[in-house]
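I have placed the structure first, in the form of structure tokens, so that the comments after it can refer back to it.
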Amino acid sequence: MEKAILLLLLILCASRLDGAAAQQYWTPATATFYGGSDASGTMGGSCGYGNLYNAGYGTATTALSTALYGDGASCGACFQVTCDASRTQYCKPGSPSATVTATNFCPPNYGDPSGWCNSPRRHLDMSQPAWEAIGVYEAGVIPVNYRRVPCGGRSGGIRFAVSGHDYFELVLVTNVGGAGAVAAAWVKGAGTEWMAMSRNWGANWQSGAYLTGQSLSFKVQTDDGNAVVADNVAPANWQFGCTYQASVNFY
């Protein structure tokens, strides 16, 4: 019996190690670029971040194909990308890497069966500045390897931009560190319990509660299972159309 218990513990520990190691695996894909040399054409995007400069994501961003985007679940996730010199001559010397944040969706081209962003292809349509850090411009498209990495460089706490109207709060969650991609969110008014929110689109989460006149707290869980609570982020006199920054983040 003791040997059986010991064997079970070893298997469980090995499983946990395998799960942690899996995040470090490199996955082959392809990459193109868009948005111009200053990345101005990447503003907006299906994640809803709007002006990526003001939102803190800068020019190091990417759009993802259907296989990677996950209907918005990957918004805010960070990827380290390298050009695969074993499959192309158009890598920058020294095999540098670029770390980018997912901010947009690269839609499939149903009129072209060989479209780069067609499912089930794994493809990153990177901002031009990020792409040119690893590839030679003339190539246009390069084979790459990518992996998920923690989102570093986030300045300050998580931001919550509240829009909508009474009985419909639409909250854009930005500047998320750690895993970056939000998997679940909750809201709590001064006079309510915690209430689960649902993803509306991209990085926008919605609640149908009446919360006007109450200070607001938020709980955010990223897709690695970690969670933080931002207490009383918005004061009782909060307004639709305003953004409120918490003092907490995933560091």
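The modelled label-to-label distance between Val229 and Trp26, using points 7 Å beyond Cα along the C-beta direction, is 4.2 nm.
Put a dot 7 Å past the Cα of Asn109, heading toward its Cβ, do the same for Thr192, and the two dots end up 4.5 nm apart.
Calculate the tail of P(r) for region 64-154: the fraction of all Cα-Cα distances greater than 17 Å, expressed in %.
Working: 2076 of 4095 pairs.
The share of Cα pairs beyond 17 Å in region 64-154 comes to 51 percent.
Legend: translational diffusion of region 52-104 by Stokes-Einstein, Rh = Kirkwood radius over C-alpha pairs, 37 °C, 0.692 mPa s; D = 265 µm²/s. Three principal axis extents of the chain based on alpha-carbon atoms, in descending order, are 63, 61, 35 Å. Expressed in nm to one decimal, what extension gain is obtained for the pair Trp201 and Thr243 from 0.36 nm per residue of sequence separation less their Cα-Cα distance? Stretched out fully, the Trp201 to Thr243 stretch lengthens by 13.3 nm. Relative to the longest principal axis of the Cα atoms of the chain, the long axis of helix 2-22 lies at roughly 80 degrees.
In this entry, region 159-251 is assigned a mean projected area of 5.1 nm², taken as a quarter of its C-alpha convex hull surface.
Here the relative contact order of the chain, from alpha carbon pairs under 8 Å that lie six or more residues apart, stands at 21 percent.
Each other residue within a Cβ distance under 14 Å of Asp84 adds +1 if Lys or Arg and -1 if Asp or Glu, for a net charge of +4.
Per-atom-type breakdown for the chain gives carbon and sulfur 55% of the accessible area (1.4 Å probe, protein chains only). Here the gap between Ala67 and Phe168, fully extended at 0.36 nm per residue and compared with their Cα-Cα distance, gives a gain of 33.3 nm. The residues of the chain expose on average 49 square angstrom of accessible surface per residue, using a 1.4 Å probe on protein heavy atoms.
The values are calculated or read from the model by the stated rules, or taken from the named source; none is laboratory data. Quantities reported herein were computed from a predicted structural model and do not represent experimental measurements. Using ideal geometry, Cβ is built from the backbone for each residue, glycine included, and neighbour counts are taken over all protein chains shown. All accessible areas refer to the heavy atoms of the entire protein, side chains included, with ligands and DNA or RNA removed. Shrake-Rupley method; radii C 1.70, N 1.55, O 1.52, S 1.80 Å.
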